[in-house]
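One structure is given here, and the rest of the page talks about it.
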Amino acid sequence: MNRFEVITPSDLPGASRLLTQRGNIALAGGVDTVDLLKQEIIEPRALINLKGLSGMDGIQSDAAAGLRIGALAKLHQVANSAEVHERYAAIAEAAGTAATPQIRNLATVAGNLLQRPRCWYFRHPEVDCLKKGGLKCYAAEGLNRYHAILGGGPSYIVHPSNLAPALIAFSAKARVFGPKGDHEIDLEQFFVLPQADVLRENILQPGEIITQIIVPTPPPGTNSVYLEAREKQSFDWPLVSVAVVVESAQNRVRRALIVMGAVAPIPWRVPDAEKVLAGAKLDPAVAAHAADVALNGAKPLADNGYKVPIAKALVRRAILQAGGVQQDG
Ligand SMILES: Cc1cc2nc3c(=O)[nH]c(=O)nc-3n(C[C@H](O)[C@H](O)[C@H](O)COP(=O)(O)OP(=O)(O)OC[C@H]3O[C@@H](n4cnc5c(N)ncnc54)[C@H](O)[C@@H]3O)c2cc1C
């Protein structure tokens, strides 16, 4: 590991200026950053510790402005917030099931969205894969049981964050401060497919810092659910996750948003499946049809075909649960 400094700026413009310098990397809870240092994936000149910045760690909610989660808020704060539970259940559930209690006490909301992929080839210090500037995605023909079934190629990573699908299902935005000033980005537009740029996972530019996540107040009649399947329950990333937000009126769905995690290189929204639900009276057959449509484009690799039936089952269950329909299994 190379030697590096840790600098703790006291204001946002100072932090942003430091982050425009090549080799300087933002540090929040440090959970992923420390792993990346140990795996020699990053070799920073300096870590710019954002935890010295004030006013970026709270959670506020009001009907007009919606929910505002500071970028430095911890996952446990989100999971245990009464406001988040009451109106944004899928977000609370996603935060509360990530990792372990110890990690949720350290890990921040922005850090969770910006964590790098878990692919074992990418994380191996001696493998020079496509995402590290090498010539080949070793997962494509190698060991790929945890890799993408949708949207893959030329790299087959999956997006690892629990929070991202739930936030996108609520049409959340990231507020970003940087050299171009303060602006908001729809989280749905924030993540980048490997086809567009294999070296990056999001559109954040040098010097840009996420300061807040803004979630609009959902219309009356909205319910949400986050479900996931894991190989082991103790600590791990999900094999598949899904967040569903359903807005209903007079026993019919007005609008539904469905976003899956851990199946594609970015959080994977499925508009065709959402269309199946719009205007429908929810029942198990409609939910099963939407779940089939959600996985229509799936192209499993040699070892990860098992993700397709798991994803279908989770999407179907999440739709029924969010729509308040009794399930028989
Ligand atoms: C055993 C284990 C199990 C896990 N299981 C799960 C799981 O089930 N689900 C899940 O979602 N995650 C899981 N994780 C990952 C963990 O949740 C993330 O590593 C953590 O959320 C990262 O947050 P952090 O604050 O520590 O980020 P850091 O490690 O500090 O930063 C991560 C990245 O974000 C950048 N960054 C951080 N904040 C900002 C900001 N405000 N603006 C700009 N850039 C910023 C950093 O530069 C870095 O690139 C697990 C981790 C471990 C070790």
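When a footprinting reagent is the concern and you count Cβ atoms within 10 Å, what order do LYS51, LYS173 take, fewest first?
Values: LYS51 14, LYS173 20.
Exposure proxy ranking, most exposed first: LYS51, LYS173.
Using just the alpha carbons, could you tell me how many Å³ per residue the convex hull of region 80-133 encloses? Kindly include the intermediate steps, with their values, before the conclusion.
Working: hull volume 5.8 nm³, N = 54.
Taking only Cα atoms, region 80-133 has a hull volume of 107 Å³ per residue.
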Let me have the 222 nm mean residue ellipticity of the chain computed from DSSP H runs of 4+ only, each contributing -39500 (n - 2.57), with the sum over all residues rounded to the nearest 500.
-> -8000 deg cm²/dmol
Within the chain, which complete DSSP H helices have Cα atoms spanning at least 18 Å along the helix axis and a mean Kyte-Doolittle hydropathy of 0.0 or higher?
-> 307-322
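Rounded to the nearest 20 debye, what is the charge dipole size of region 12-84 about its Cα centre when +1 sits on each Lys and Arg Cβ and -1 on each Asp and Glu Cβ? Could you put the intermediate results ahead of the total?
Numbers: 7 positive and 7 negative charges, 57 e Å.
That gives region 12-84 a dipole magnitude of about 280 debye.
For the chain, what relative contact order do you get, as a whole percent, if you take Cα pairs closer than 8 Å and at least 6 residues apart? Could the numbers behind the result be given before it?
Values: 736 pairs, mean separation 55.4, N = 329.
Relative contact order, the chain: 17 percent.
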Label-to-label distance, nm, for residues given as GLN233 and LYS38 (7 Å Cα→Cβ offset) = 2.6 nm
Computed curve, region 1-41, Cα-only Debye sum without solvent term, log₁₀ I(q)/I(0) at 0.35 Å⁻¹, is -1.27
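Evaluate the relative contact order of region 78-233 (contact order divided by residue number), counting alpha-carbon pairs under 8 angstrom at least 6 apart; express in whole percent. Don't skip to the answer; put the middle values down first.
Values: 205 pairs, mean separation 38.1, N = 156.
Relative contact order comes out at 24 percent.
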For the chain, take the alpha-carbon Rg, divide it by the Kirkwood Rh, and send me Rg/Rh.
-> 0.97
Counting only C-alpha contacts under 8 Å and six or more residues apart, can you give the relative contact order of region 266-329 as a whole percent?
-> 34 percent
Please sort by residue number the chymotrypsin sites (Phe, Trp or Tyr not before Pro) in region 224-273 whose DSSP state is loop and whose Cβ has at most 15 other Cβ atoms within 10 Å.
-> PHE235
Just rank TRP237, TRP120, fewest to most, by other beta-carbon atoms within 10 angstrom.
-> TRP120, TRP237
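Using the structure shown, select from LYS173/LYS232; LYS38/LYS132; LYS281/LYS307 the pairs with a Cα to Cα distance greater than 20 angstrom. Could the numbers behind the result be given before it?
Details: LYS173/LYS232 32 Å; LYS38/LYS132 15 Å; LYS281/LYS307 28 Å.
Over 20 Å apart, Cα to Cα: LYS173/LYS232; LYS281/LYS307.
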The answer for GLY66, listing residues at least 5 apart or on another chain whose modeled amide H is closer than 5 Å to its amide H, is THR217
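With N residues in region 150-207, what two-decimal value do you get for its Cα radius of gyration over 2.2 N^0.38 Å? Write out the running numbers ahead of the final one.
Details: Rg = 12.6 Å, N = 58, 2.2 N^0.38 = 10.3 Å.
Dividing the Cα radius of gyration by 2.2 N^0.38 Å gives 1.22.
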HN-Hα couplings for region 212-229 via Karplus (6.51, -1.76, 1.60; θ = phi - 60°), in whole Hz with x for Gly/Pro, come out as 7, 10, 10, 10, x, 5, x, x, x, x, 9, 10, 9, 9, 10, 10, 8, 10
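Given Cβ point charges of +1 (Lys, Arg) and -1 (Asp, Glu) and nothing else, what value in debye, to the nearest 20, does the dipole of the chain about its Cα centre take? Walk me through the numbers before you get to the answer.
Values: 34 positive and 31 negative charges, 40 e Å.
Charge dipole of the chain: 200 debye, to the nearest 20.
Just rank HIS159, HIS76, HIS183, fewest to most, by other beta-carbon atoms within 10 angstrom.
Details: HIS159 25, HIS76 18, HIS183 12.
Listed from fewest to most nearby Cβ atoms, that is HIS183, HIS76, HIS159.
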ALA249 to GLN102: extension gain in nm, 0.36 nm per residue of separation minus the Cα-Cα distance?
-> 48.9 nm
Dipole magnitude of region 72-136 about its Cα centre, charges +1 at Lys/Arg Cβ and -1 at Asp/Glu Cβ only, in debye to the nearest 20?
-> 300 debye
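For region 1-99, what does the convex hull of the Cα positions come to per residue, in cubic angstrom?
Convex hull volume per residue, Cα atoms: 110 Å³.
FYI, it's all coordinate maths here, none of it is from the lab. Quantities reported herein were computed from a predicted structural model and do not represent experimental measurements. We place every Cβ from the backbone using ideal geometry, glycine too, and count neighbours over all the protein chains shown.
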